Amino acid sequence: MPHTVGRAIVDSLEAHDIDIIYCVPGESYLGFTNARGDNNRMRLIVCRHEGGAAFMAAADGRMRGGRAGMLVVSRGPGLSNAMIGLHTAWHDATPLVALIGQVERWEAGRMALQEQNYSRLLSDVTKLVIEVNEPDQASEAMARAFHVAESGTPGPVAVVIPEDVFDAETDAAPAKPRPAALAGPRAQDLDRLVELLTAAERPLVWVGAAVHPADVADIARFAESWMLPVMPTHRRPHLFDPAHANYGGYASGRPPREQMDEWAKTDLLVALGERLTVSTSQGFAFPRAPDPQMPLVHVWPGPEEVGKTFRPDLGLACEPAAVVRALLAKGIPAGAARRKPWVERLHALHHKVAAPAWQPTSDGVNFSAVVAAVARHLAPDATVTTDAGNFSTFVQRYLPIKPGQMYLNSVVGAMGAGMPMAVAAALRRPGTQVIGFAGDGGALMTGNELATARQYVVNPVFIVSDNGCYGTITQHHDMRYPGRPHQAATQLTNPDFALWATAFGAQGYTIRDESEVAPTIAEALSVKHQPVVVHVHSSLEQISAWRRRS
């Protein structure tokens, strides 16, 4: 029986188990929202800016265990605003499907209102752009989009549909979800990996984006039996427990010198589900590009990444979890116990640098104290989000995030991610603790999504570090041009964020002195029925968790 393309897309989304859709309304896809009105199983979350909606969809793609988040935006300005979320999903290897309304077919090519060529515009931030002009192909296009977004190296896929096509009729059957084609390791590659691991005296095992929380228990057993240090990579701290005896440290961007000096003694680096980005590789210096200074094993689900930047001694284009299970099945290798002193040394060094100790500051609160206070109240199932900025280094140093908890952010470093991702986490994980950290810069980029939290009755806690400037850029300026003024280029004039919060119907708190930190954080995290914003007047002198300006 014929039905509209809008209804066909709704049926396709339901078949792909989409239960939350993020959007900002637009006339170019009204035929879709009209059809969705007949389906109460999918929540349509109306956001206040397409950038916020796209960050939320990207966060959802991180939380769904390898399944894509869903975003719907209108053409032109709508899609342009959402580009930051697509860029994040592309670099972060996050599955996301974006449905984009386009101008009607009859006016295409005439520079119609808000018309753009999305195949050209999105070619560098998506895996695929699918343009649908034939109504009978709409459901097939959605199935292809989800399959591509979730296969190999995950990433964003755009489906572009003209406004008039949504209301066109089709009798095409709904396209069914396509089973994922997952590659496993070859026997000879496993044998070679066993040889390399058995011979290594000081190996490092990095776990990154392609490792799912469901894989962590197997990785822990692998680390214990093979006596290996496991290190979660930049902004993926929830992938291994920092309290575990085999935890070797956090492979973040710009770690402390004493840790880097110790890691540099490695004689084998296994990048397990880590893409090997500029941040994790310390600016392509560890490992060094293109020829690493140590033997390198690179395991990544898509062959296009293995060997692209770094020459590996062994490359495996397959699921990291499959490699771990295969190695576990081989049993414990002879001589693994000899690595115990190496593992213990790395573990002890991590605890030394992560110990909650800091010096007071005279120009505001040392943000270390705030993060350490949050750590004392962090729930076992908490979700933590961070925006981009130097304030996040305090979270990375002093907040021990572990499996069972979730950490969300823009790995590519896009400002504005922290607040919308916290809203998405509160929607995806209802009833759990959600804490979002933002700087004063990022807070005013997407802080209006507090209104979205209020509208859908979710209650994240936002902690805003206000040091009156774009801190990361200030630090870079100090390092590159010492003694030169920076204020004109980085200084900010900020609102009273606690008062700002009350305008949204949130609860607002202010911290001006370190003595106020412990009681205020405890009270803020006890609020149950409304969002919370904690305005911290932070030190600019303590520019990051690792550096003072003078």
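Worth a mention:
- Descending semi-axes in whole angstrom, ellipsoid equivalent of region 235-358, from the Cα gyration tensor: 24, 20, 14
- Calculated FRET efficiency, residue 212 to residue 513, Cβ-Cβ distance, R0 = 45 Å: about 0.60 to the nearest 0.05.
- Quarter of the Cα convex hull surface for region 1-91, i.e. its orientation-mean projected area (nm²): 6.0
- Quick note on region 336-446: its Rg to Rh ratio, both from C-alpha atoms and Rh being the Kirkwood radius, is 1.04.
- In sequence order, calculated HN-Hα J values of region 428-444 (Karplus, 6.51, -1.76, 1.60; Hz; x Gly/Pro): 6, 10, x, x, 9, 6, 10, 10, x, 10, 9, x, 5, x, x, 4, 8
- Going by neighbour counts of Cβ atoms within 10 Å, the residues 18, 100 line up, fewest first, as 18, 100.
- Once the Cβ-Cβ distance of residue 381 and residue 334 is raised to the sixth power relative to R0 = 51 Å, the FRET efficiency obtained is 0.80.
- Over region 187-353, relative contact order from alpha-carbon pairs under 8 Å, at least 6 apart, %: 29
- Positive-end residue, region 187-353 charge dipole about Cα centroid, Cβ charges, pick of 231, 249, 335: 249
- In region 445-547, trypsin sites (Lys or Arg not before Pro) in a DSSP loop with at most 15 other beta-carbon atoms within 10 Å: 512, 528, 547
- Net +/- balance of residues flanking residue 494 in space, Cβ distance below 9 Å, scoring K and R +1, D and E -1: -3
- When region 400-541 is reduced to its Cα atoms, the Kirkwood hydrodynamic radius in Å: 16.0
- Our coupling estimate for region 160-176, obtained by passing each phi through the Karplus curve with A = 6.51, B = -1.76, C = 1.60 and θ = phi - 60°, is 10, 10, x, 4, 6, 5, 4, 9, 5, 9, 8, 10, 5, 5, x, 6, 7 Hz, Gly and Pro reported as x.
- Partners for residue 265 among aspartates and glutamates (Cα-Cα distance below 15 Å; same-chain residues under 8 apart left out): 201, 344
- Here region 356-537 carries DSSP beta bridges of which approximately 5% are antiparallel, counting only pairs with both residues inside.
- Whole-Å distance, taken between Cα centres, linking region 14-38 and region 104-163: 16
- C-alpha center-to-center spacing [region 423-471, region 165-241] in angstrom: 30
- Sites residue 481 and residue 293, calculated FRET efficiency, Cβ-Cβ separation with R0 45 Å, nearest 0.05: 0.90
- For region 45-51, backbone phi angles converted through the Karplus equation (6.51, -1.76, 1.60; θ = phi - 60°) give residue-by-residue couplings of 9, 8, 9, 9, 7, 4, x Hz, Gly and Pro being listed as x.
- Cut-off 15 Å between beta-carbons: net charge of the residues surrounding residue 227, Lys and Arg +1, Asp and Glu -1: +3
- Net length available on complete extension from residue 457 to residue 17 is 156.1 nm, with 0.36 nm assigned per residue and the Cα-Cα distance removed.
- Two-decimal log10 I(q)/I(0) for region 1-156, as the Debye equation yields it once each C-alpha is a single scatterer, q = 0.13 Å⁻¹: -0.53
- Put simply, the amide H of residue 437, placed in the peptide plane, has neighbours under 5 Å in 385, 386, 387, 463, leaving out anything fewer than 5 places away on its chain.
- Restricting region 296-357 to GluC sites (Glu not before Pro) that sit in a DSSP loop and have at most 13 other Cβ atoms within 10 Å of their own Cβ leaves 304.
- Taken along its principal axes, the alpha carbon cloud of the chain reaches lengths of 69, 61, 44 Å, longest axis first.
- Kirkwood hydrodynamic radius over Cα pairs of region 182-272, then Stokes diffusion coefficient at 4 °C and 1.567 mPa s, in µm²/s: 94
Any read-out appearing in this document is the output of simple, stated calculations on the displayed coordinates, not a laboratory observation. As the structure is a computational prediction, the values presented were derived from the model and not from experiment. Quick reminder, even Gly has a Cβ in these numbers, built from the backbone with ideal geometry, and neighbours come from all protein chains shown.
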